[in-house]
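A quick write-up on the structure given underneath.
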Amino acid sequence: MLHRLEAFKLDVLKEVGNIGAGNAATALSRLLDKPVDMNVPTVSLIPFEQIADKVGGNEQVVIAVFLRVEGEAPGNMFFIINEDSAKKLLRNLLALDVQEEGYSEMEYSALGEIGNILAGSYLSSLADFTQLYLSPTVPAIAVDMAGAILSYGLVQYGEMGDSALLIDTTFLEGKEALAGHFFLIPDPESFDKIFSALGVPNE
């Protein structure tokens with residue numbers, strides 16, 4: 001029964017991820033005035049302590065767009081992408097003349113906007129499915145080691161839930177695939193509210 005319940009939860013979350021990816025591709029296409037394709041995302045539930053491993057380990061330098069989810073099922077959201085993918089994203093999708101070292105204000109702004117669109121698309125999909133009121137705060141962007149970024153989230157907002165919804169997102173530009181990782185970390189009580197609203201029985 002437990003195994004079937006976990007599989008049902010994942011099926012529901014995959015549908016949220018699929019619709020969110022479709023919304024994100026449409027929104028990015030409008031923003032950039034060019035077609036943007038996104039693969040069907042891979043969706044999984046992972047323990048909080050495995051998040052850094054999924055993006056290359058605690059010491060891996062990454063770009064993270066971070067925002068707080070407010071409303072009936074509060075939590076934290078991260079869009080995390082490694083530096084190589086971030087540079088390719090800026091170069092290929094946005095046609096920016098990207099510097100090899102560091103990031104300009106325009107590049108920060110562009111990455112923040114892409115992260116914001118992705119987060120907003122997935123959050124809107126989840127809100128539509130659950131009929132819960134969910135509202136994102138203004139996003140912050142940081143370049144640092146993955147462990148430091150996750151620690152900042154903990155310091156800033158106190159206790160986080162012990163599980164995260166991971167949506168691996170892949171942008172397609174020509175034949176090149178650019179991967180990013182999207183994490184929703186509901187507060188301790190919020191997962192139960194989300195699954196209850198989705199019609200999934202509590203264990």
- Hey, among the residues in the range 67-86 that are at negative phi and open to solvent by 20 Å² or more (accessible area, probe 1.4 Å), which one's nearest to the chain's Cα centre (by Cα)? ARG68
- Task: Within the range 18-59, track down each residue that is of a type in the set (Val, Ile, Thr), open to solvent by 80 Å² or more (accessible area, probe 1.4 Å) and modelled with pLDDT under 85.
- Result: VAL40
- Message: With the requirement that a residue be surrounded by fewer than 15 Cβ atoms within 10 Å (Cβ to Cβ), touching a residue at least 60 places away in the same chain (Cβ under 8 Å) and more than 26 Å from LEU89 (Cα to Cα), what does the range 1-17 give you?
- Response: LEU2, LEU5
- Item | Of all residues in the range 132-157 being within 17 Å of PRO74 (Cβ to Cβ) and either of a type in the set (Gly, Ala, Ser) or touching a helix residue (DSSP H, G or I) at 6+ places or on another chain (Cβ under 6 Å) (or both), the one that is modelled with the lowest pLDDT | GLY153
- Query: Can you name the residue in the range 94-151 that is of a type in the set (S, T, N, Q) and not in a loop (DSSP other than H, G, I, E, B) and is also most open to solvent (accessible area, probe 1.4 Å) among such residues?
  - Reply: SER109
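The values are calculated or read from the model by the stated rules, or taken from the named source; none is laboratory data. Because the structure is a prediction, the values reported are computed rather than measured. When we count neighbours, we look across all protein chains shown, and the Cβ atoms used for this are built from the backbone with ideal geometry, even at glycine. These accessible areas exclude ligands, DNA and RNA; they are computed on the full protein's heavy atoms, side chains included. Shrake-Rupley method; radii C 1.70, N 1.55, O 1.52, S 1.80 Å.
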